[in-house]
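The values are calculated or read from the model by the stated rules, or taken from the named source; none is laboratory data. All values reported here derive from a predicted model rather than from experimental measurement. Reconstructed Cβ throughout: ideal geometry from the backbone, glycine too, with neighbour counts over all protein chains shown.
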Amino acid sequence: MHRRFTGDTLVLASHNPGKLRELQELLADHGVTVRSAGELGLAEPEETEPDFRGNAALKAHAAATASGLPALADDSGLEVMGLDGRPGVHSARWAGPGKDFATAMARVTGELAERFGDWQSADKRAAFVSVLCLAWPDGHTEFFEGRVAGELVREPRGEGGFGYDPIFVPEGQKRTFAELSRTEKSALSHRGIAMRALLAALFR
């Protein structure tokens with residue numbers, strides 16, 4: 001049985017402004033104020049778990065305990081089939097401490113081309129995965145997962161989105177996530193899928 005969310009304030013256990021903006025838009029109709037861990041001065045715990053679910057729980061519990069409020073954490077990443085699922089849970093780390101995703105995207109496409117001999121021959125299949133964990137200060141947790149398959153392009157395209165969005169084309173589309181509007185992306189994205197499941201279970 002899911003625990004319904006009955007409060008009016010939720011902490012996003014992230015310092016990522018892109019994730020904050022997406023969550024604020026998704027919760028706008030539910031009368032919930034979303035505050036980020038960065039805004040509240042909460043430290044970001046080291047992500048030591050081997051999978052998305054474990055890292056999402058770690059971050060959500062840390063923020064809920066520190067703030068005394070329910071906290072939502074998202075652990076997400078890009079799984080590239082031709083790289084045996086990498087970067088996966090290390091997706092943000094590939095961008096380094098400066099969050100340089102241009103370098104991270106170049107590493108992904110470069111390693112694929114090197115592994116298969118050239119870009120044309122590379123297995124370009126990929127998937128974005130998101131696991132959401134909503135944790136309460138008393139330790140209760142709820143998990144929701146979203147996954148979207150697609151294919152990588154070598155040259156980044158588009159000005160929207162963040163992270164690896166400019167090189168990811170979701171199935172059934174010709175544009176990258178970064179070329180889609182925020183509304184279009186939310187309808188298709190891994191985080192959008194997970195959030196709609198969370199909203200249906202906990203907020204309606």
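Of the numbered criteria (1) surrounded by 16 or more Cβ atoms within 10 Å (Cβ to Cβ); (2) at positive phi, the one Thr176 fails is (2). Which one is farthest from the chain's Cα centre (by Cα) among residues in segment 1-18 that are of a type in the set (A, V, I, L, M) and surrounded by 11 or more Cβ atoms within 10 Å (Cβ to Cβ)? Taking the candidates together, the pick is Leu10. Counting only residues that are within 21 Å of His190 (Cα to Cα) and either in a strand (DSSP E or B) or hydroxyl-bearing (Ser, Thr, Tyr) (or both), segment 115-167 holds 24 of them. Strands (runs of 3 or more DSSP E) fully within segment 6-86 that include at least 1 residues being in contact (Cβ under 8 Å) with a residue 12 or more places away in the chain, on the phi < 0 side of the Ramachandran plot and touching a Cys at 6+ places or on another chain (Cβ under 8 Å): 71-80. Just give me the residues in segment 159-169 being buried (at least 16 other Cβ atoms within 10 Å of the Cβ) and either without any contact (Cβ under 8 Å) to a residue 40 or more places away in the chain or in contact with a His (Cβ under 7 Å, 6 or more places away or on another chain) (or both), in sequence order. Within segment 159-169, Gly160, Asp165, Val169 meet the criteria. Within segment 43-77, the residues that satisfy the criterion of being under 19 Å from Pro17 (Cβ atoms) and in contact with a Pro (Cβ under 7 Å, 6 or more places away or on another chain) are Lys59, Gly77.
Please verify whether Leu112 is more than 20 Å from the chain's Cα centre (by Cα) and either at pLDDT 95 or above or on the phi < 0 side of the Ramachandran plot (or both), treating the condition exactly as stated.
Details: more than 20 Å from the chain's Cα centre (by Cα): yes; either at pLDDT 95 or above or on the phi < 0 side of the Ramachandran plot (or both): yes.
Yes.
Does Gly82 satisfy the condition of being of a type outside the set (Ser, Thr, Tyr), out of contact with any His (no Cβ under 8 Å at 6 or more places or on another chain), loosely packed, with under 13 Cβ neighbours inside 10 Å and modelled with pLDDT of 85 or more? Taking the combined requirement at face value, the residue does not satisfy it. Taken as a whole, the structure places Ala73 among residues that are under 18 Å from the mean Cα position of the chain (by Cα) and aliphatic (A, V, I, L, M).
Taking the stated definitions as given, is Arg21 of a type in the set (Lys, Arg) and either surrounded by 15 or more Cβ atoms within 10 Å (Cβ to Cβ) or touching a Pro at 6+ places or on another chain (Cβ under 7 Å) (or both)? When the stated conditions are applied, Arg21 does not pass them. Among the residues of segment 112-150, those that are free of Cβ contacts under 8 Å to residues at least 40 places away in the same chain and either surrounded by 17 or more Cβ atoms within 10 Å (Cβ to Cβ) or of a type in the set (A, V, I, L, M) (or both) comprise Ala149, Gly150.
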